[in-house]
Amino acid sequence: MATSTYLSNPVVKIGAVDISDQCTGATINQKTTALDSTAFGDTAMKNVAGLQDNSIDLELYWSTAASETYATLKSLIGTSVNVTVQGSSAATSATNPLGTLTGGYLEEIPVEYKVGELAKVSITFKGGTFAWSES
Amino acid sequence: MKYVIVSDRVGTPGDKFEPASPEEAAALLAGGFITQADGKSAKMETEPTEE
């Protein structure tokens, strides 16, 4: 069985900014809401596709140095931006697809400070359309 | 409006940058990732004159 192992290769961009070296986790949630279409006569639940409900979650170190996390995010709260995630920096292809969330809304920037740990922030870009690109 | 890349997170510093939208340009300017190509401050409306 072939699997894809990503140790440190993924590339994450928020808008035009490559934030990969501050990112420790990225989760793509590609979802199409299931609408119940079950009717009389059915013997099992049935569904049809509703609206897309996509999002991308990112785990980032909260660096306030120039051109780092704070500088990237500070103007984006309450706005929509494109976010891309790719398994590696190699060329986009069928085996290295580029996932793009177009128009993801940044609702909050919950910064977490803890004693003895690097400050982190976990953010979610909600909504927007999502697509995989292979070229 | 023309922009120049400052941070290598956006591209090669010194290269021109074409923002996808005015909002993107504003966010990148605020973050210090790009500057305006004419070198003027965003708040400067008139050029200074020599006395």
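The values are calculated or read from the model by the stated rules, or taken from the named source; none is laboratory data. Treat the numbers as computed from the prediction; the structure is a model and nothing was measured. Every residue, glycine among them, receives a Cβ derived from its backbone with ideal geometry; neighbour counts consider all protein chains shown.
One table, with the values for the structure above:
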quantity	calculated
Elements of type strands (runs of 3 or more DSSP E) in region A:32-119, at least 2 residues being farther than 20 Å from B:Asp8 by Cα	A:32-36, A:47-52, A:55-61, A:98-106
Count of residues meeting criterion [out of contact with any Phe, Trp or Tyr (no Cβ under 8 Å at 6 or more places or on another chain), among the small types (Gly, Ala, Ser) and closer than 13 Å to A:Thr84 by Cβ] in region A:102-135	3
Residues located in region B:1-27, provided they are farther than 19 Å from A:Thr84 by Cα and part of a strand (DSSP E or B)	B:Tyr3, B:Val4, B:Ile5, B:Lys16
Those residues of region B:1-24 which are of a type in the set (D, E, K, R) and within 11 Å of chain A (Cβ to nearest Cβ), in sequence order	B:Asp8, B:Arg9, B:Glu18, B:Glu23, B:Glu24
Residue within region A:11-21 that is away from chain B (no Cβ under 14 Å), surrounded by fewer than 19 Cβ atoms within 10 Å (Cβ to Cβ), closer than 27 Å to B:Ser21 by Cα and touching a strand residue (DSSP E or B) at 6+ places or on another chain (Cβ under 9 Å) present	no
Residue check, A:Ser89 at pLDDT below 95 and out of contact with any Gly (no Cβ under 9 Å at 6 or more places or on another chain)	yes
First in region B:27-51 and under 15 Å from B:Lys2 (Cα atoms), second anywhere and modelled with pLDDT under 60 and surrounded by 10 or more Cβ atoms within 10 Å (Cβ to Cβ), Cβ under 7 Å, 6 or more apart	B:Leu29/B:Ala42; B:Gln36/B:Ala42
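Conditions tested, residue by residue: (1) closer than 15 Å to A:Asp21 by Cβ; (2) more than 14 Å from chain B (Cβ to nearest Cβ).
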position	(1), (2)
A:Ala71	yes, no
A:Lys74	no, no
A:Gly78	no, no
A:Gly99	no, yes
A:Gly104	no, no
A:Lys114	no, yes
A:Glu117	no, yes
A:Phe125	no, no
A:Thr129	no, yes
